[in-house]
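A quick write-up on the structure given underneath.
The values are calculated or read from the model by the stated rules, or taken from the named source; none is laboratory data. Every value quoted in this text rests on a predicted model; they were computed, and no experiment measured them. Quick reminder, even Gly has a Cβ in these numbers, built from the backbone with ideal geometry, and neighbours come from all protein chains shown. Ligands, DNA and RNA are excluded from the accessible area calculation, which covers all protein heavy atoms including side chains. Shrake-Rupley method; radii C 1.70, N 1.55, O 1.52, S 1.80 Å.
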Amino acid sequence: MKPTYLVTGGAGFIGSWFVTAMRQSRTARIVNLDALTYAGNPDNLAELQNDPDHILVHGNINDGELVARLLAEHRPDAVVHFAAESHVDRSILDPDAFIRTNVLGTGVLLGAALRYWNGLPAGRKDRFRFLHVSTDEVFGSLGPQDPPFTESTPYDPKSPYSASKAGSDHLVRAFFATYGLPVLVTNCSNNYGPRQFPEKLIPLMICNAVSGKPLPLYGKGENVRDWLHVEDHCAAIALVLEKGRAGETYLIGGKAERTNLDLVTSLCAVLDRLAPSNAGPHANAITFVTDRPGHDLRYAVSPAKIERDLGWTPKHTLETGLEDTVRWYLANADWVRRVQDGTYRRWMEINYAKR
Ligand code: NAD
Ligand code: TYD
């Protein structure tokens, strides 16, 4: 029989890619628990509208009763935990929501999963997995010449977002060490691709460029990120779920480091081809603005372990991935218009007006 996964945060950017891939490949029946915050969007799941094996539940991971009921009712074979507050700049302005969802919410989910797991019959108990989706930002910042993060890099988070994700990672591992709950942890580098909420660097730059707005780079644009297409991240998560060893952590990254200035310049070159502006090259709109406080200089991930142990390789290159992403945003102006509502406009005002 087909397994069932309880996925949290599956209406967000990465979660919706994962859920859609799992349903299109008929890998699992999906119960998708999502609070539908500003970042959760049922439009992201449009392809699954008439799929009886995808059940979207509008609810919060902090609601322990609801989580327990969903576990008892659907008897999943795995929990795949994406739900989080995910934007560093928002965490600087309002850390409370990050502590609530990322730390406390993960704690609620773990507690409910443990009680459910303890009641499973032996065979199902062995096969059950709790996969926690996390970020490379928990490791803090690298210097220009440092080797990339590995599974043994010490944690050193600097933003309320990364600190709250670090807290959740520690809780997940503690449930393995203390209770034997069969957990898996993945820490991935920066994702990009279609359906990413336009508060993050790449979709923000595309959306600003097509509407003739400035392209705001924090500081001097020297910070380095390691970019991975969301589809490759989701394939890695599926592989870890299928073949990963309980209790283990797997780092996922695209080996595609770029300074923000280089990345946005490449994006502008793609936009000049696909959506030229009458005002001249898009790169003319690049504007250096006040830096993010505590801005991590550089992230880079070594995916050696997941490549070696599980045979993962990404299929997108950054160049083709960026072009596909630009094409998607240009072709999906309705999706963009719907997410750029009053709340979004207020966020743009709060984060950028005084920079
Ligand atoms: P996102 O902000 O696009 O989506 C988060 C989803 O979680 C939304 O659908 C939201 O409604 C839901 N959610 C938030 N709080 C909730 C709650 N209390 N209960 C239930 N649902 C809730 O985020 P994303 O970019 O898709 O990231 C997903 C996960 O991947 C996060 O855990 C994030 O830390 C991790 N991650 C993201 C990146 C990246 O580059 N975006 C990289 C590595 C890891
Ligand atoms: P972001 O997409 O917020 O991801 P993260 O902070 O989690 O890495 O930002 C990626 C990089 O882009 C980061 O160095 C901050 C920078 N940035 C800008 O320069 N301008 C912007 O408007 C945004 C949103 C980000």
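Computed with a 1.4 Å probe over protein heavy atoms only, the accessible surface of the range 229-314 comes to 44 Å² per residue. Longer than 23 Å from Cα to Cα, which of LYS165/LYS213; LYS255/LYS354; LYS158/LYS243; LYS125/LYS243; LYS165/LYS354 are they? Say none if no pair is. Exceeds cut-off: LYS165/LYS213; LYS255/LYS354; LYS158/LYS243; LYS165/LYS354. Taking the average, over residues, of other Cβ atoms within 10 Å as the packing measure, peptides 329-338, 217-226 rank 217-226, 329-338 from highest down. Sorting the segments 99-109, 312-322 by their mean number of nearby beta carbons within 10 angstrom, highest to lowest, gives 99-109, 312-322. Looking only at the range 170-297, where both bridge partners belong to it, what percent of the DSSP beta bridges are antiparallel (to the nearest 5)? Within the range 170-297, antiparallel bridges account for around 20 percent of the total.
Using a 1.4 Å probe over the heavy atoms of the protein chains, calculate the carbon and sulfur portion of the accessible area of the range 314-355 as a whole percent. On the range 314-355, the fraction of accessible area on carbon and sulfur atoms equals 50 percent. Amide H contacts of ASP156 (H built 1.01 Å from N, in plane; Pro and chain starts excluded): PHE139, GLY140 sit under 5 Å, all sequence-distant by 5 or more or on other chains.
Positive-end ranking of GLY212, ALA331, LEU241 along the dipole of the range 211-355, with charges on Cβ about the Cα centre, is headed by GLY212.
For a protection proxy built on the mean count of beta-carbon atoms within 10 angstrom, sort 193-205, 239-251 highest first, please.
Highest-to-lowest ranking by the protection proxy: 193-205, 239-251.
Couplings 3J(HN,Hα) for the range 139-155, derived from phi with the Karplus relation 6.51 cos²θ - 1.76 cosθ + 1.60 (θ = phi - 60°), are 7, x, 10, 8, x, x, 9, 5, x, x, 4, 10, 4, 9, 5, x, 6 Hz, where x marks Gly and Pro. Residues whose amide H comes within less than 5 Å of that of LEU184, counting only those at least five positions distant or on another chain, are PHE130, LEU131, HIS132, GLY247 (H built at 1.01 Å from N in the peptide plane). Can you tell me, using C-alpha contacts under 8 Å and at least 6 residues apart, the relative contact order of the chain as a whole percent? About 16 percent, as a whole number. Computed over the chain, the percent of Cα pairs more than 28 Å apart is 41.
Taking N as the number of residues in the range 1-107, what is its Cα Rg relative to 2.2 N^0.38 Å? Show your work: numbers first, answer last.
Working: Rg = 13.7 Å, N = 107, 2.2 N^0.38 = 13.0 Å.
After normalising by residue count via 2.2 N^0.38 Å, the value is 1.06.
Its alpha carbons considered, the range 182-276 gives a radius of gyration followed by a Dmax of 16.1, 51 Å. Rounded to the nearest 20, the Cβ-based charge dipole of the chain about its Cα centre (Lys and Arg +1, Asp and Glu -1) stands at 400 debye.
Rg/Rh for the range 163-216 stands at 1.27; both radii use Cα atoms, and Rh follows the Kirkwood definition. Along the charge dipole of the range 172-255, pointing to its positive end and built from +1/-1 on Cβ of Lys, Arg, Asp and Glu, which listed residue (ASN223, ALA177, GLY253) has its Cα farthest out? In the range 172-255, that residue is ASN223.
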